[in-house]
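Single-structure report; data block below.
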Amino acid sequence: MRKALILLLLFSLALLSPYYYASPTPFKAIGQWLTKYVAPGEKMVPLEVTLVYQGPYELTDVEVTPVNKGPFLVSSNENYTMSSMYPGVNYTLVFIGNITPDIPLGIYTFYLEVSYRCPNGVFETSGVKVEVPVLGYVELSAGAEVNGTVFPGDHNVPVLLTIYNTGTVTATNVTLLFNSTYPLKFVTGSVNVPVIPAGGYATSEVSVDVYKNATIGVYK
């Protein structure tokens, strides 16, 4: 009976204490990429996080630290410090980092740790989850055309290549590798295309030699 009374008294004191918190994690966070889509392997991508403090009292000596567990790895020491944090206020934080390569498209979780001093002087740390969508992809296809008629045995025939990107993110530093098969032989083995925008295309001109024994027809 004495133990029950002591427990009841402690519970009542906790309810009456001005430093009592209803939730052990008094934060919520919303993440938003500052580009429309983000793809696996992208580098230096900015993520804007809106952090909301939902507790009842002012906090002081606040520090927000990203937890680098992937898929979003912050590229530098981007800790945020605030002298105080007030209930119901939105705090906007921007982190710049890299997306883990070779991961499936989907919704992932980015973690933050928030350390702070409570009104009673005690330091606490809360973990905060931020959902981040990694849904960007590149989808390339190509077409080729020549001016006029090409004959067997022709050399250095200019071919205009058009590379289409039907994906959702821009492709950069694209290298086209050419596989010479009958009846064409590429003069160069590869060519670099700096940028192919999402939903757009880029062009590049290459030269080919035509085999002397090539038969008349249409080839891919």
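Run the reach check for Lys220 against lysines, Cα to Cα strictly under 18 Å, same-chain hits fewer than 8 apart removed. What comes back?
Lys185, Lys212
Based only on Cα atoms, what mean projected area does the convex hull of the stretch 87-147 have, in nm²?
For the Cα atoms of the stretch 87-147, the hull's average projected area reads 8.1 nm².
If you line up the long axis of helix 2-16 against the longest principal axis of the chain, both from Cα atoms, how many degrees apart are they, to the nearest 10?
So the helix axis and the longest Cα principal axis differ by about 60 degrees.
To the nearest 0.05, what FRET efficiency results for Ser141 and Tyr211 with a Förster distance of 25 Å applied to their C-beta separation?
According to the calculation, E is roughly 0.45.
How many angstrom lie between the C-alpha centres of the stretch 92-110 and the stretch 166-220?
Here the two parts' Cα centres lie 33 Å apart.
Net charge around Thr65, counting only other residues with Cβ within less than 13 Å of its Cβ (Lys, Arg = +1; Asp, Glu = -1)?
So the environment of Thr65 carries a net charge of -2.
Per residue, what accessible area does the chain have, given a 1.4 Å probe and all protein chains present, in Å²?
Normalised by residue count, the accessible surface of the chain is 62 Å².
Leaving ligands, DNA and RNA out of it, report the carbon-plus-sulfur percent of the accessible area of the chain at a 1.4 Å probe.
Of the solvent-accessible surface of the chain, carbon and sulfur hold 56 percent.
Rg to Rh for the stretch 41-108: what is it, with Cα atoms only and Rh by Kirkwood?
Ratio of gyration radius to Kirkwood radius: 1.06.
With no solvent and one point per C-alpha, what does the Debye sum give as log10 I(q)/I(0) for the chain at q = 0.10, 0.13, 0.15 Å⁻¹?
Rounded to two decimals, the profile gives -0.66, -0.85, -0.98.
Reachable lysines from Lys28, Cα under 17 Å, same-chain residues fewer than 8 places away excluded?
Within reach: Lys129.
Build a GNM of the chain with springs between Cα atoms under 10 Å: which of Thr149, Thr168, Thr60 gets the top mean-square fluctuation?
In the Gaussian network model the winner is Thr149.
The values are calculated or read from the model by the stated rules, or taken from the named source; none is laboratory data. Note that the structure is predicted; figures quoted are calculated from it, not measured. Cβ sites come from the backbone with ideal geometry, for glycine too, and all protein chains shown count toward neighbours. All accessible areas refer to the heavy atoms of the entire protein, side chains included, with ligands and DNA or RNA removed. Shrake-Rupley method; radii C 1.70, N 1.55, O 1.52, S 1.80 Å.
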